[in-house]
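Chemist: Got a structure for you, written out below as structure tokens; questions coming shortly.
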Amino acid sequence: MYTRLADLYDVIYAKKDYATEARLIHGVIEGCARTPPRERRTLLDVACGTGVHLSHLRTWYDVEGVELSPWMLNVARRRLPDVPLFQYDMRHFDLRQRFDAVTCLFSAIGYMRSVDDLQSALRTMARHVLPDGLVIVEPWFTPDRFIDGHLHADVAEGEGIKVARVAIGRREGDVSMLDMHHMVASSSGVERFFERHELRLFTHEQYVSAFAAAGLVPVFDAEGLDGRGLYVGLASARASAALAAQRHTSRATTLSA
């Protein structure tokens, strides 16, 4: 996965509002900031992809990223040559430092294939967060929300290139299978390629249990960044009430910014 697609990823998702999503994440972190907060906090983005979220989040934080795909990582390094970016599996990495916030966005957590994988990833993220920090995870769909047989088609355009994508989603047990067919047109001709993405349909209870097993207090925002929800794991139970009171205010403030 994310081989040929890596170079087309930013064209396909050009309409995704990364800037607003970054402001929403910043609002959540600000709502749980230590008092008084440090002048410049740190953030690690796990499964950072091509680095677009990081390019916006660095407005407020000293950022670093972790990504498994070498092809996606190459794109991120071209975008952010001065940002530390590492190739690691989210289940098993050790950067030997801790951050004020660790994020895992755009449903990348769904690529964990088992509950054990989910728990390993959350434990690894938790080991990289400071005592009063946050682990913020945007989930994939839960089993009751995934539509078996869903069809999707879109067309995107970049400089000298057009991409058409048709996707078919189906379910096999607790795994969603996304068959993605791409057609890429440029002055050199037309290219076709196929990728299959398999994402686990974890339940809400499985997410909550994985956060708890990692020593994090989970708070869930059902709306999240774009309707998929957002889990915020608090390394300090003291911050739970503060986040619950401020998350909706943070959303309104960031959306109007």
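Laboratory data are not the source of any read-out in this text; all were calculated from the coordinates shown. This one's a predicted model, so the numbers in the text were calculated from it and none came from an experiment. All Cβ positions, glycine included, derive from the backbone under ideal geometry; neighbour counts span all protein chains shown.
Chemist: With the cut-off at 1.5 for a/c, could you classify segment 112-191 from its C-alpha gyration tensor as rounded, prolate or oblate?
Modeler: The shape class here is oblate.
Chemist: For the chain, report the % of Cα-Cα distances exceeding 27 Å.
Modeler: Result for the distance tail: 37 percent.
Chemist: Moving on. Expressed in nm to one decimal, what extension gain is obtained for the pair residue 92 and residue 4 from 0.36 nm per residue of sequence separation less their Cα-Cα distance?
Modeler: 29.1 nm
Chemist: Order 45-54, 95-104 from most to least packed using the mean count of other Cβ atoms within 10 Å.
Modeler: 45-54, 95-104
Chemist: Share of antiparallel DSSP beta bridges in the chain, in percent to the nearest 5?
Modeler: About 70 percent, rounded to the nearest 5.
Chemist: Round to the nearest 0.05 the FRET efficiency obtained for residue 220 and residue 188 when R0 = 41 Å and r is the Cβ-Cβ distance.
Modeler: Once the sixth-power term is evaluated, E becomes 0.30.
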